[in-house]
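No lab work stands behind these numbers, since they all come straight from the coordinates. If you're wondering where the values come from, they're calculated on a predicted model, not measured in any experiment. Here the Cβ positions follow ideal geometry from the backbone for every residue, glycine too, while neighbour counts run over all protein chains shown.
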Amino acid sequence: MPAPLSLVTAPAAVLPATRRAPSSAASPRGLAYKLSPTPRPSALRVPTTSRRKRLSSGVMEARLEEREKGSSATAAGDDANGELSDDNSRSVSGSSSSSSSGSSSTTSAPPSMSYSLLFGLGCAGVLETGYLTWVKLTGGSALCLVGDSDCSSVLNSPYATLGGLPLPLFGMAAYGLVAVLSGVGQAVQLEEGPEKKRLQDGLVASAAALFSTSAALMFVLATRLEGELCPWCLTSAGLSIGIAAAVASGFDAEQLRTRVAPLAAGVSASVLLTLGAAFSGISATASGGGYAFALPYTMPAVETHSSDAAVQMAKKLKNAGAKMYGAFWCSHCFQQKEYFGQEAMADFPYVECYPEGFFRSEDGKGTVIDKACSDIGIRGFPTWVINGKDYEGEQSLENLEADLAIRS
């Protein structure tokens with residue numbers, strides 16, 4: 001029996017096996033294998049003990065190196081997998097953030113109302129209408145910075161009063177409400193709820209009232225008072241438009257359609273009906289594209305009774321040559337007469353500046369003030385002329401007594 005070959009050989013000594021067809025001298029299994037090429041006997045000698053040790057230590061070192069290389073490759077793979085997972089997580093988080101930012105950009109935030117702007121416009125409107133109310137109540141002349149125009153002509157017209165009160169007084173109340181509500185909205189920063197809705201509805205109603213009033217007065221100025229320059233009216237109209245725009249910017253399209261429009265339409269209709277009823281005493285007819293209106297002369301009856309001091313003052317004024325110039329449609333003139341009373345007015349030095357009534361023709365020309373009033377340059381009603389000096393507005397008995405004592 002031939003000696004067995006050692007299984008521990010160097011890797012280079014292992015030669016590939018080749019298979020050949022079976023022969024008649026085959027082994028009992030019917031197959032025969034042969035090393036090709038057939039090694040020489042010297043190459044198949046049994047290794048010595050020292051050589052086996054060297055070979056064993058070399059194999060162990062090779063295996064250790066392979067293990068170390070495998071460990072290094074595994075660690076590197078783990079690192080790579082970790083970096084890949086980090087990259088994947090960053091990619092996922094980036095995708096999430098981009099998707100969330102995309103969704104936030106598609107779902108826009110609801111519009112916010114500029115309360116600070118509304119507060120500023122409201123305060124400006126209060127100052128303007130407050131000044132005009134003071135001028136109207138005192139019977140003075142409004143400041144005019146545009147050329148030599150009379151900025152009090154419209155303020156002294158029949159259209160400047162509503163229910164016996166100056167029309168700018170109602171505007172001052174509306175502007176004041178805008179300033180108060182916007183100030184509360186700016187200071188409190190209300191959350192969405194009933195309180196914020198009521199505050200915004202109040203701003204919508206105020207803006208609608210101001211806008212519709214300005215629109216009506218601009219129509220009157222353009223069609224009934226043609227040729228009249230009213231910078232104060234234009235200023236008020238600009239403030240009203242600004243407030244309406246600022247309020248509307250605080251709602252989205254759906255809210256404007258379902259919530260703002262019905263409320264604004266109702267308030268505007270009420271304002272226009274009220275103004276139409278107040279101006280109904282001024283007859284107007286449309287003809288050939290022009291307008292003409294006429295206010296017949298009717299002196300309101302004084303219903304109050306005079307005190308002794310008022311009767312004595314009326315006599316003093318007449319004896320001193322003092323006169324009170326007024327217009328029959330002027331509410332301040334009527335209040336001055338009511339202050340003196342029926343008995344004092346029976347012999348009172350009063351001069352009517354529109355004794356034929358007040359009207360305007362289709363070509364834009366209106367009633368010319370009476371010569372007695374134009375000669376002394378009357379610009380507001382009532383105007384007192386005492387000892388050659390003019391005093392505009394309503395006067396008390398004490399003031400008139402002091403004015404009589406002043407000599408020109």
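Note down the magnitude of the dipole of segment 308-405 about its Cα centre, charges +1 on Lys and Arg C-beta and -1 on Asp and Glu C-beta and zero elsewhere, to the nearest 20 debye.
Here segment 308-405 has a charge dipole of around 200 debye.
How many nm separate the modelled label positions at K315 and A187, each set 7 Å beyond the Cα in the direction of the Cβ?
5.7
Return a whole-number percent for the relative contact order of segment 308-405, with Cα pairs under 8 Å and 6 or more residues apart as the contact set.
Once divided by the residue count of segment 308-405, the mean separation gives 35 percent.
With +1 on each Lys and Arg Cβ and -1 on each Asp and Glu Cβ, how big is the dipole of segment 115-280 about its Cα centre, in debye rounded to the nearest 20?
280
Along the charge dipole of segment 308-405, Cβ charges K/R +1 and D/E -1, which of N387, G326, M313 sits furthest on the positive end?
N387
Looking at segment 308-405 only, what percent of DSSP beta bridges run antiparallel? Nearest 5 please.
The antiparallel proportion sits near 75 percent.
Regarding segment 115-280, what whole-number volume in Å³ per residue does the convex hull of its Cα atoms give?
Cα-based convex hull of segment 115-280, divided per residue, equals 117 Å³.
Order 234-244, 195-205, 325-335 from most to least packed using the mean count of other Cβ atoms within 10 Å.
325-335, 234-244, 195-205
Would you mind checking the pairs K316/K371; K315/K389; K136/K316 and listing those with alpha carbons more than 22 angstrom apart?
K316/K371; K136/K316
Enter the Cα centre distance for the pair segment 365-408 and segment 296-347, rounded to the nearest angstrom.
Here the two parts' Cα centres lie 13 Å apart.
For segment 367-383, take each phi angle, set θ = phi - 60°, evaluate the Karplus expression 6.51 cos²θ - 1.76 cosθ + 1.60, and give the result in whole Hz per residue in order, putting x for glycine and proline.
Those phi angles translate into 5, 7, 4, 4, 4, 4, 8, 6, 4, 9, x, 5, 10, x, 10, x, 10 Hz.
Applying the Karplus parametrisation 6.51 cos²θ - 1.76 cosθ + 1.60 with θ = phi - 60° to the phi angles of segment 179-196, what ³J(HN,Hα) value in whole Hz is obtained for each residue in order, glycine and proline being reported as x?
5, 5, 5, 5, x, 5, x, 6, 7, 8, 6, 5, 7, 4, x, x, 5, 5
Name the residues whose placed amide hydrogens come within less than 5 Å of the amide hydrogen of F359, ignoring near sequence neighbours (fewer than 5 apart) on the same chain.
L295, T367
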